[in-house]
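Asks: Okay, handing you the structure first.
The values are calculated or read from the model by the stated rules, or taken from the named source; none is laboratory data. Worth saying up front: this structure is predicted, and the values here are computed from it rather than measured. Neighbour counts are summed over all protein chains in view; Cβ atoms, including those assigned to glycine, are modelled from backbone coordinates with ideal geometry. Surface areas here come from the heavy atoms of the whole protein model, side chains and all, with no ligands, DNA or RNA. Shrake-Rupley method; radii C 1.70, N 1.55, O 1.52, S 1.80 Å.
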Amino acid sequence: MPVASVTTSAAGSLTLLEDEDKDIRVYALNHLLNIVGQFWAEMSDKLSYLELLADPMSKELPSESRPQAALLISKIYYYMGYLDEAVEFALKAGVAFEKEKEGEFRETIISGCLDRAIEQTSRGEKIDTALSNIVDSVLRSTSGENGKLAMGLALSLRRLDLVEMIYLTSRANSASQPSTSAKPQASRPTHDESLLRYVLSEVVSGATGNEGWSEEFRSNLFNLLLRLFHFNSQPDWNSITTIWAQNSDVDSCGEALIKLLSEQNHLDAYQIAFDLNEVAPQAFIDGIRSRLAEKGLAPPAENPDESDPKVILDNILKGVTSAELFLNFLNKNNKTDMSILKVTKDTLEDRYSIYHSAITFTNAFANCGTTSDKFLRENLDYLGRASNWAKFSTTAALGLIHRGSWINGSKVVKPYLPGGSAPNKFSEGGSLFALGLIYSGRREFAEEELKKNLNEGADPIVQHGAALGLGVSAIATADEDTYDQIRTILFSDNATAGEAAGYAMGLVMLGTASEKALDEMLAYARETQHEKIIRSLAMGIAFVMYSQREKADGIIQILTEEKDAILRYGGMFTIALAYAGTGNNKAVKKLLHVAVSDVNDDVRRAAVTALGFVLFRNHTQVPRVVQLLAESYNPHVRHGATLALGISCAGTGLETAIELLEPMTKDPVDFVRQGAYLSLAMILIQQSEASSPKSASIRELFAKVVSDKHEDPMARFGASLAQGIIDAGGRNMTLRLSTRAGTLNMNTIVGLTLFTQFWYWFPLAHGLGLAFTPTAIIAVDENLKIPKIDLNCNARQSLFAYPSTEKKQEEKKKDKAKTAVLSTTAKAKARDRAKKQEAGEAMDTDDKLDVPSTSDKPSTPTPAQKKKPSEPSSFTLSNMSRVVPSQIQYISFPAEGRYAPVRPLSEGKQGNIIVVRDNKPETEGEYIELDKGLWPGWGGGQTAEQPQAQAQEQTTGTAAGAGAVVEDEDEDVEPPQPFEYPFED
């Protein structure tokens, strides 16, 4: 019987490899390829000879066998651990490597090839043909569940042709393409749109890896996505709207709306308008309205018909419709706990300005947008004690309470405006700031009044309020006339007016990267001697470079190399705003370096705070990044760490962030504790006890600190503001740095940036009011009526419930029942009971419970306690209810209901207002009636100028209580009694 031969060495084959006969060399080479995994160590001694055989110019092997020699060398290097050399010779192997069977070697080499291709692309180098062939073969073979992986690779290689190829070769499935009842099943798209949505989310989020993309590539990518989305018969308008806003494509957006109106597809047009109102800046929307006007689709100037689609669409774009809906939602669902405000007011001594300001901000945050003036009416004497800048802040707080109340809000501030019935320069300045806050992002309603009081002859305090108001109302408009008028105030070189002008110039030019603005602001910051002006200009520069990424690198380098620490401070916030949400490694590295090396505490604090803005999309990693900084010896660095956690993890309830902040509430430095309280409130906003068990104990901590008269004023100030933040907007608002579409939430980022400046100037704390976002689901039909719909939520109700106040009431009752009893009294009662028992005259008294029973009757067994019933796994909620961001994924419309959304909710990317299609239009429906007292005289067809005109018709006697319900003039109802703050002149 023959014995199988066993190869024990590669020496023989290596010897044959040097034979004179080429055929024998080829045979030896093939044999070595089969045994290289076992004898690669022996073969490594012949690498130099093998490389000679693989040389294309060598005549030692036939040309068709040279790739096999290169493949053998690649495998030897692979086993030796030299992966770069292995990839190099695998590329030279070409066809031989392509025929290599699947295995660890092939996967490792392909991975190395992809890494090399990505690296060369990032350096701007051209990829050689062999490498490109391998990459293309990998992408073409990738499909199905690996589609997103292939898309990610194509993006890394910046190959738009591959992005298109992968999408066109994909096939849709029922999971990735949800259908609505409004469209037939046969019209589903044939390609997998989830791949395009994945690409869009990667581009919009600015994740690490795309920071090297040029603006040209981004624009081309957006154009490609726009074209691919339109391939389907049911375009994903939500994603398309995001592309328009991100690419500033006013023309395409305008054309689409014009086409939808011409096709009588009003529902999709309205939904697009609502989405634009949420994600697009004011200048973009103004451009859309101009395009519609050019095509004759603008609403009529006089007597507009509220049922006219042109009027409805224009009101949605302007934000009029959204403002009224949110105003009614916040007013109707206001859950502010007035007892918290009352206790805080009674505890904090009003003789200290810092405590007076704390009450003002807490009330403004807690009632933001609700128009609720109950606390103001009940505490007129307390609030009337404000003086100087505290009076400014108190009046400006009206702007937050009536935010979005475009008719009644202007009535509220009218008595305090210059020339009103309550003349005082501080209240006049505060009322102008309040006017800007009421009309934030809608300058046309307040522009005339604000510009009128910005003239050079006005008092600097009035100019201060007018400039701040104009900045927040004209935010991101890039209006040159407004900018020039504010600049005139800056050049007056008054510290009070100039400070507000610096912020306002940046807000008006937000995100424009205007070279003119940058040059003027930087030049004047170097010239002036006023620190307030320098700081505001430094922050203004940061606003101008908002979301500019690499474009901001030049100005960042200039600011960070300045000798003036205030300008370096501005450089840190320029990094924060330019790279907000990108997670850019270069930006993070720069901030960490400054945080531990700069000689100025303010700059170091700003650097750590800026980490929160840059890393908020990857907020789970922030606690790990700032953990060591939170233990720094420098209290300013620790304070920055608290704010970084609060900003990045706002509204998430992240447990690791809370665990890191809890010890910092006991920090020996007061302002570190202050930052910890504020950040805990930001993180736990709208978090229930079921979703975040520590929320109840944190609320109790705030109350304890506020009531502790031995606590430092700075800490009590922070705890008081935290009480307002955690219950913002009547517990119906949250903090989200990105929209539901994944784009940057401009108002929130800017608002938080302004809020952090309260360190230097308390009135800027009102900026946080811009950051609050209502959390509602409001379904409207084609006529913008709100039908009564019961929505399904497939999760436990306790996860999203409002904070309960029952527990506090029970504890108070128990405390009240406890009474101190003297020992002599107890003994006397015991003797009396004993005597009565002996005489058989025991009475039923409260104390009888303490005496053991002497009856011979058997005791009744105590019934077993009933188990608490398990909570249902789902519940229903009505239309126009609070829906927190984490809840939206569980919301669904009734399957066979009368109303269906024009786009599916499964993606969770839609905004707060959802347009629904009525499947039974012939049947009379039931609707939720809006409170017209909150929006008197508006019927859906009101023009932009009418709110201001109505406000001017009011008498000067109308005062701060005008936020209450106001009836129409023709109705026989007594108006509410007017009141005014008893400010002392």
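Asks: Hey, if we sort 530, 230 by accessible area with the 1.4 Å probe, largest down, what's the order? Mind dumping the intermediate values first?
Replies: Values: 530 60, 230 85 Å².
I get 230, 530, largest accessible area first.
Asks: If you don't mind, there's one more thing I want to ask. What are the residues whose amide H is under 5 Å from the amide H of residue 917, where those residues sit 5 or more places off or on another chain and H is modelled from the backbone?
Replies: Sorted by chain and number, the residues that satisfy this are 900, 902.
Asks: Turning to a different aspect of this structure: Could you point to the residue in 154, 93, 63 farthest towards the positive end of segment 10-169's charge dipole, with +1 and -1 charges on the Cβ of Lys/Arg and Asp/Glu respectively?
Replies: Highest projection toward the positive end goes to 154.
Asks: Provide the per-residue ³J(HN,Hα) series for segment 668-673, in order, calculated from phi with Karplus coefficients 6.51, -1.76, 1.60 and θ = phi - 60°, each as a whole number of Hz, with x at glycine and proline positions.
Replies: x, 9, 5, 6, 5, 4
Asks: Using Stokes-Einstein with the Kirkwood hydrodynamic radius over Cα pairs, what translational diffusion coefficient do you get for segment 269-326 at 37 °C and a viscosity of 0.692 mPa s, in µm²/s rounded to a whole number? Display every interim value, and only then the final one.
Replies: Working: Rh = 11.6 Å.
Reported coefficient: 284 µm²/s.
Asks: For residue 776, enumerate residues with amide H under 5 Å from its amide H, sequence gap 5+ or separate chain, H modeled in the peptide plane.
Replies: So residue 776 has HN proximity to 883.
Asks: May I ask you to order 41-50, 759-768, 791-800, 363-372 by the average number of other C-beta atoms within 10 Å around their residues, highest value first?
Replies: Values: 41-50: 15.0, 759-768: 22.7, 791-800: 17.3, 363-372: 28.0.
Per-residue mean Cβ counts within 10 Å order the peptides as 363-372, 759-768, 791-800, 41-50.
Asks: Let me ask something additional. Quick check: the distance between the Cα centres of segment 337-353 and segment 25-54, to the nearest angstrom?
Replies: 85
Asks: May I ask you to evaluate 6.51 cos²θ - 1.76 cosθ + 1.60, the Karplus curve with θ = phi - 60°, for each residue of segment 62-71 and list the ³J(HN,Hα) values in order in whole Hz, giving x for glycine and proline?
Replies: Using θ = phi - 60°, the values come out as x, 4, 6, 9, 4, x, 5, 5, 5, 5 Hz.
Asks: Take the alpha carbon atoms of segment 557-587, find their center, do the same for segment 432-494, and report the distance between the two centers in whole angstrom.
Replies: Going from one Cα centre to the other spans 27 Å.
Asks: Would you rank 440, 13, 262 by solvent-accessible area, highest first, keeping every protein chain in place and using a 1.4 Å probe?
Replies: Values: 440 40, 13 15, 262 85 Å².
Ranked list, largest accessible area first: 262, 440, 13.
Asks: Related question: Starting from the Kirkwood Rh over alpha-carbon pairs, what translational D in µm² s⁻¹ does segment 294-387 have by Stokes-Einstein at 10 °C and 1.306 mPa s?
Replies: Numbers: Rh = 16.4 Å.
Stokes-Einstein gives a translational diffusion coefficient of 97 µm²/s.
Asks: Using the structure shown, select from 704/932; 391/451; 694/932; 694/788 the pairs with a Cα to Cα distance greater than 31 angstrom. Display every interim value, and only then the final one.
Replies: Details: 704/932 41 Å; 391/451 22 Å; 694/932 40 Å; 694/788 36 Å.
With Cα atoms farther than 31 Å apart: 704/932; 694/932; 694/788.
Asks: Based on the mean of other beta carbon atoms within 10 Å per residue, what is the order of 393-405, 563-575, most packed first? Intermediate results must be reported in sequence, preceding the final value.
Replies: On the way: 393-405: 28.8, 563-575: 23.2.
Output ranking for 393-405, 563-575: 393-405, 563-575.
Asks: Give the accessible area for residue 780 in Å² (nearest 10); use a 1.4 Å probe, count only protein heavy atoms, and leave out ligands, DNA and RNA.
Replies: Surface open to solvent at residue 780 totals about 0 Å².
Asks: Mind jotting down a quarter of the surface of the convex hull over the alpha carbons of segment 730-781, in square nanometres, one decimal? List each step's numbers first, then the result.
Replies: Details: hull surface 18.2 nm².
So the Cα hull casts an average projection of 4.5 nm².
Asks: Taking the mean number of other Cβ atoms within 10 Å as a proxy for protection, how do you rank 53-60, 604-611, 664-671 from highest to lowest? Intermediate results must be reported in sequence, preceding the final value.
Replies: Values: 53-60: 14.0, 604-611: 28.9, 664-671: 16.6.
Top to bottom by mean Cβ count within 10 Å: 604-611, 664-671, 53-60.
Asks: Let me ask something additional. Quick check of the Kirkwood formula: for segment 10-169, what is the inverse mean of 1/r over all pairs of different Cα atoms, in Å? Before the final figure, lay out each step's value.
Replies: Details: mean 1/r = 0.0595 Å⁻¹.
Kirkwood hydrodynamic radius for segment 10-169: 16.8 Å.
Asks: Report, in listed order, any pair from 310/785; 126/551; 318/586; 126/586; 345/452 with a Cα-Cα distance greater than 28 Å.
Replies: Values: 310/785 16 Å; 126/551 24 Å; 318/586 39 Å; 126/586 24 Å; 345/452 37 Å.
Violating the 28 Å limit, Cα to Cα: 318/586; 345/452.
Asks: What list of ³J(HN,Hα) couplings, whole Hz, do you get for segment 735-742 from phi and the Karplus terms 6.51, -1.76, 1.60, once you set θ to phi - 60° and write x for glycine and proline?
Replies: Once rounded to whole Hz, the list reads 10, 9, 7, 10, 6, 5, 7, x.
Asks: Separate question: Quick one: which residues, 5+ away or cross-chain, put their amide H under 5 Å from the amide H of residue 927? H built at 1.01 Å from N.
Replies: The list, which skips near neighbours in sequence, is 788.
Asks: To the nearest 10 square angstrom, how much accessible area does residue 931 have with a 1.4 angstrom probe?
Replies: For residue 931, the solvent-accessible surface is approximately 50 Å².
Asks: How much of the accessible area of segment 448-508, probe 1.4 Å, is carbon plus sulfur, in whole percent?
Replies: Numbers: 740 of 1710 Å².
Of all accessible area on segment 448-508, carbon and sulfur atoms account for 43 percent.
Asks: Same structure, new question: Mind jotting down the distance between the C-alpha centroids of segment 251-327 and segment 502-526, whole Å?
Replies: What the calculation gives is 31 Å, centre to centre.
Asks: Still on this model: Classify segment 341-435 as rounded, prolate or oblate from the Cα gyration tensor: take a ≥ b ≥ c as the square roots of its eigenvalues, call it rounded if a/c is under 1.5, otherwise prolate when a/b beats b/c and oblate if not. Please report the intermediate quantities before stating the final value.
Replies: Working: a/c = 2.04, a/b = 1.28, b/c = 1.60.
Oblate shape, in that a/c is at least 1.5 and b/c is the bigger or equal ratio.
Asks: Can you tell me the relative contact order of segment 10-169? Whole percent, Cα pairs under 8 Å, sequence separation 6 or more. Each step should come with its number before you reach the end.
Replies: On the way: 156 pairs, mean separation 21.3, N = 160.
The value is 13 percent.
Asks: Okay, next question. I need the fraction of alpha carbon pairs in segment 220-317 separated by more than 18 Å, rounded to a whole percent.
Replies: Details: 2017 of 4753 pairs.
Here the tail beyond 18 Å accounts for 42 percent of pairs.
Asks: Which value, in Å² and to the nearest 10, is the accessible area of residue 190 when all protein chains are kept and the probe is 1.4 Å?
Replies: Result for residue 190: roughly 80 Å² accessible.
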